[in-house]
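A.B. asks: Please see the structure below; I have some questions.
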Amino acid sequence: MTKGAQTRENILDHAIRLASETGLEGLTIGTLADDLKLSKSGLFAHFRSKEALQIQVLEHAAEVFVESVVRPALKAPRGEPRLRVLFERWLEWGRATELPGGCIFAAAASEMDDRPGTGKGSPGRAAA
């Protein structure tokens, strides 16, 4: 892995932790730069916008989730044993010290639920 790729991965790992506490809306290039003691322009060169940062944080979190939760669960026997391992590892992942605010996906789902086009009443989604 190149130095630039390693730096980017370290930034994204930290951003996942930060977003688990502040939510995706609280995650900005400025707050991340302050937290990491980096320049805003340096982070802007990596992400270009707050939205791009948020999307890449979720994509990186999905990769980490697959490696930490899904792949180990696939080693369990099919059926209920695999489902149990999957569920247990998901709970462990959300409680991990790397995620001080809990599961970033649960937080993002809750945070984005009321946004236009993402929540109840959205096209293609039945209203409760």
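The values are calculated or read from the model by the stated rules, or taken from the named source; none is laboratory data. Because the structure is a prediction, the values reported are computed rather than measured. All Cβ positions, even for glycine, are placed from backbone atoms using ideal geometry, and neighbour counts span all protein chains on display.
A.B. asks: From (1) over 13 Å from the mean Cα position of the chain (by Cα); (2) of a type in the set (D, E, K, R); (3) surrounded by 13 or more Cβ atoms within 10 Å (Cβ to Cβ), pick out the condition that doesn't hold for R71.
C.D. replies: Evaluating R71 over (1) over 13 Å from the mean Cα position of the chain (by Cα); (2) of a type in the set (D, E, K, R); (3) surrounded by 13 or more Cβ atoms within 10 Å (Cβ to Cβ) leaves (3) as the failure.
Per-residue answers, yes or no, for (1) buried (at least 17 other Cβ atoms within 10 Å of the Cβ); (2) within 22 Å of L99 (Cβ to Cβ):
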residue	(1), (2)
L12	yes, yes
L18	yes, yes
E21	no, yes
L27	yes, yes
A45	no, no
V64	yes, yes
K75	no, no
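A.B. asks: Further question on the same structure: Which of the residues belonging to the range 95-108 are assigned to a helix (DSSP H, G or I) and within 11 Å of the chain's Cα centre (by Cα)?
C.D. replies: So in the range 95-108, the residues assigned to a helix (DSSP H, G or I) come out as 95, 104-108.
Those that are assigned to a helix (DSSP H, G or I) and within 11 Å of the chain's Cα centre (by Cα): I104, F105, A106, A107, A108.
A.B. asks: Return yes when L99 is surrounded by 17 or more Cβ atoms within 10 Å (Cβ to Cβ), modelled with pLDDT under 90 and either in contact with a Phe, Trp or Tyr (Cβ under 7 Å, 6 or more places away or on another chain) or closer than 17 Å to E9 by Cα (or both) and no when it is not. Walk me through how you get there before you give the answer.
C.D. replies: Values: surrounded by 17 or more Cβ atoms within 10 Å (Cβ to Cβ): yes; modelled with pLDDT under 90: yes; either in contact with a Phe, Trp or Tyr (Cβ under 7 Å, 6 or more places away or on another chain) or closer than 17 Å to E9 by Cα (or both): yes.
Yes, satisfied.
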